[in-house]
Structures are given as C-alpha cells and as structure tokens.
1. Per 0.36 nm of contour for each residue apart, how much would the distance between Gln205 and Thr246 grow if the chain were fully extended, relative to their Cα-Cα spacing?
2. What does the extension gain come out to for Gln174 and Glu212, with contour length at 0.36 nm per residue minus their alpha carbon separation?
3. What share of the DSSP beta bridges in the chain is antiparallel, in percent to the nearest 5?
4. For Lys134, list the aspartates and glutamates whose Cα falls under 15 Å from its own Cα; do not include residues on the same chain fewer than 8 positions away.
5. Per residue, what volume in Å³ does the Cα convex hull of the range 154-232 take up?
6. So what is the relative contact order for the chain, in percent, with contacts set as C-alpha pairs under 8 Å and at least six apart?
7. Given the DSSP H assignment, sum -39500 (n - 2.57) over each helix run of at least 4 residues in the chain and divide by its residue total; what's the result at 222 nm in deg cm²/dmol, nearest 500?
8. Modelled label-to-label distance, Gln38 and Asp108, 7 Å Cα→beta-carbon offset: nm?
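Any read-out appearing in this document is the output of simple, stated calculations on the displayed coordinates, not a laboratory observation. Everything numeric here is computed off the predicted structure, so don't read it as measured data. Ideal geometry is used to build each Cβ from the backbone, glycine not excepted, and the neighbour counts take in all protein chains shown.
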Amino acid sequence: MPYTSIPEHKLDLFWVLNPDAEKFASASREDGDLPSSQPLKPELPVLVLIHPAGGRVQGWANQLGDPRFSQHYNLLAIDCPMHGLSRSTERDKHTLEDSADCVLRVLDELDLQQYSLWGEGPHGVNIAAWIAVKRDEKVQSLILATPGWRKEEPSVKASLIELEEGMFVNKNGQGTGDGSFPRDLLEEILIYCVGSDQRMASARQEMGDYFEGRYGAGKPAYEFRFLFTFVYNREPIPQAKLDKVTCPVLLLRGGADPVVCPPSAVEEWQRAFPNARGGASIHTISPAPNIISMCEGNIVNRIASRFLSEALA
C-alpha cells in the first residue's frame, strides 16, 4: 500500500491514486483490503482531495467513482496526519500548517508539476490553502468546501472543547478505563462533522463506527485530542500569504449549515483571495448540511467539474 514516510514528524501518510472506483467503494477499513493505486496518467491534470476533520480517503467515494472526474483527472486522495490509515506516534504539538507540509511531501515525492486542490471542512480547506500559498506556482485551482471561519468562532470553539473533554471520561485510566466514547457526546461530534439531516443518518453511523475503531477503546488518547485541537486552535493564514494565490478559487457551502460555515464565514474567505483569477466565487447549495461533498455528491460534482474545466481551459 502507498505510504510516504515523514520521519521528522514521526508520520507515515497513506494515499491512493486513481483507485478502481468499484473496489474502492466496497473496500473495508483493513489495510490489506484496500485497493491499490493505479499509475499516473500523464496526459491528464491532477486533482488532490483533502478530507474534513474526522474523515478519510473513503469519504471521497462519490468523487472517485464519478466519471466526470475519473475519466478526466488523476485523482489523489490522502489520509492526513491522525486520520484514516495514516500512522503516527505521540507528539507535543501539531498544526494545520504541519499537516499541509506533510501532504506536500506526498505531492513532492510524486513529482507533480501542477495540480488542483479540493479541501473539505475547516481541516481540509486550511490544508489546501496552506499548500496554495507554499506552492502557488504549481496550484492551478482551488475548491474550498465548507471552509468555516478563518479562525474558529468563539462559541463553536467553546462547545468543541466541552465535547472533547467529555469524550475523555473513559480514557487515560479514568471512568471504565477502556477508552470508549459516551454515545450521546459522540453523536454531538458526528452532528458537528456531518450535520443533523436525517439523510445523513447512515453516514453518521458509519463515521461513529470509524471513530470508535480509530480513536476509541484501546487507542492512544493523543490522536483523538489532536483531531480537535489543531482544528479549533487554528490561526488565520496570514493575509500577505493568501495574496499570493492567483489561481481560480471556488467556495462552496451548504445552505442548511448555520454553525460550521454560515454565509458570513464563506464571505470572509472570499475577501481573503483578492488576487484570485476572476475573483473567488461562492456557490451555496441550499438543501445541504456541512459536509456537502458527501451528502450532495451529484450536485457538488456537477458544480466542481464545471469550475475545474473552466479553470484549466
């Protein structure tokens, strides 16, 4: 399986390139059962997919299996630090910029000359934006879905800290000591990550099972803590750096998401890209909650594929 080793960050990042979509959609979480990467198609542009907090490469199944992307792009999905099949060891600190540097190691190792980036949620969006300012000469376009605020809104941050602390009641020798998560608090986390829409009930259940498997009983507590802290403690990317971004930028949000990414948050990001070619554009998908690439895949894919075609023309 493809891993990129990053010794200075004590990380092995998992990534998958052009997987067989049918095998990918039915793959289990076990390392050995995941489909292998396929060769890079040199005649096609590259689209890099960066998941939301708590996500993993399998969350991009809607995009990896859509011929609007699979037939016209090289698709590269990466499990960021502390996520999915990526492996890490205990650490004292970690930031979203650190995650961006780790993802860049994959892109540089593959010797990609140019690529577009699609980031989801405050986690994926900030990583994608950091890469855009660090490799502005290589990034051809940016899709930023549900970006949230550039810096977490104080009341949301306070709620996340409260939930996070509650999720540790059985970890580090406390409570039952088995590391399991209280179900009611886990449900609140899943609503933050996926939204409360009834259509997303199965997605919440699947993510809850994944959370328990990756961060729950018998698992190191540091990974779960960093899953939250390096997102809600994010600092805005300096404006002078964002001024360097000149590629086309598309901002997406779900119209049914008043918490993670209200209209004023996405407008703040729009203003942060004054030099984006044609101006950063906003598209709101009215029935969608926060993780729109998962819950409204067909609509989002139609908008994103049109944007990419025009941006790369």
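1. Contour length minus Cα-Cα distance gives 10.8 nm.
2. Additional length available on full extension: 12.0 nm.
3. On the way: 9 of 33 bridges.
Taking every DSSP beta bridge with both residues in the chain, the antiparallel ones total about 25 percent.
4. Excluding near neighbours in sequence, the set is Glu97, Asp98, Asp101, Asp108, Asp243.
5. Looking at the range 154-232, the number lands at 83 Å³ per residue.
6. About 18 percent, as a whole number.
7. Mean residue ellipticity, 222 nm, calculated: -11500 deg cm²/dmol.
8. 3.0 nm
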